[in-house]
Amino acid sequence: MNGLSQLINSMSGYLIITGIIFLGILIIFSVTFSGSPKKAKSGIQSAFVFKVFLDIVIFLIISRLMSFLPGYDAYKYDIVGFSFLIIFSILTGLNPIIKLRDIVPKSKTGGSLKDIYSEVSKENTSFSLDFLLISALLLAPMYLLGNGSLNSLLILLFVSVLIVSFGSIVIFPLAFKIFDRNTQ
């Protein structure tokens, strides 16, 4: 029982931030898709939450694995990197969501999620790659020209950017395919 309480205590910051973020996602979706069909709204919302959830899981696994590297002291910055990941995951996910809102048919069925997402897929991929490139161009000089005191944080931020880009390019389209099958 003591091990479980230590685990919950060490993860409490992550759990609080994740809970607040998912509550915010529900509020954003209820306002954004107020006039859309429920089938399309629930599929898009499920795909988005699935993408953010997998981004969180991948980040937590990678940050724990990176803590075993010698000379890596990012455990001080884990919550900052986690918050950075959540904010950018939502921002890069909301870009196609807002575009999807305009594409979702106003019929009762809502259409196929796969067909709806294919409309914005290429633009989302280029947006995610641009985001990755700009972030790398900002973080690399800070890492190379800095005095070394924040190198662990910069590595953690870059890993967060890689995870968000991977989620937007690979996981998001797969989530739309998965939840399209579930809604039919």
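The values are calculated or read from the model by the stated rules, or taken from the named source; none is laboratory data. For clarity, every value in this text was computed on a predicted model and none was experimentally measured. Counting neighbours? That spans all protein chains shown, and the Cβs are built from the backbone with ideal geometry, glycine included.
Can you pull out the residues in segment 143-173 that are assigned to a helix (DSSP H, G or I) and surrounded by fewer than 14 Cβ atoms within 10 Å (Cβ to Cβ)?
Within segment 143-173, LEU144, LEU145 qualify.
Would it be correct to say that TYR117 is in contact with a helix residue (DSSP H, G or I) (Cβ under 8 Å, 6 or more places away or on another chain) and modelled with pLDDT under 85?
Criteria met by TYR117.
For ASP78, only one of the following conditions fails: (1) surrounded by 13 or more Cβ atoms within 10 Å (Cβ to Cβ); (2) among the charged types (D, E, K, R); (3) over 24 Å from LEU153 (Cβ atoms); (4) modelled with pLDDT under 80. What is its number?
If we test ASP78 against (1) surrounded by 13 or more Cβ atoms within 10 Å (Cβ to Cβ); (2) among the charged types (D, E, K, R); (3) over 24 Å from LEU153 (Cβ atoms); (4) modelled with pLDDT under 80, just (3) comes out false.
Which of (1) of a type outside the set (Lys, Arg); (2) touching a Leu at 6+ places or on another chain (Cβ under 8 Å); (3) under 19 Å from LEU162 (Cα atoms); (4) surrounded by 18 or more Cβ atoms within 10 Å (Cβ to Cβ) does PHE48 not meet, given it meets every other one?
PHE48 satisfies all of (1) of a type outside the set (Lys, Arg); (2) touching a Leu at 6+ places or on another chain (Cβ under 8 Å); (3) under 19 Å from LEU162 (Cα atoms); (4) surrounded by 18 or more Cβ atoms within 10 Å (Cβ to Cβ) except (2).
The conditions are (1) of a type in the set (A, V, I, L, M); (2) at pLDDT 80 or above; (3) surrounded by fewer than 17 Cβ atoms within 10 Å (Cβ to Cβ), and LEU69 fails exactly one of them. Which is it?
(2)
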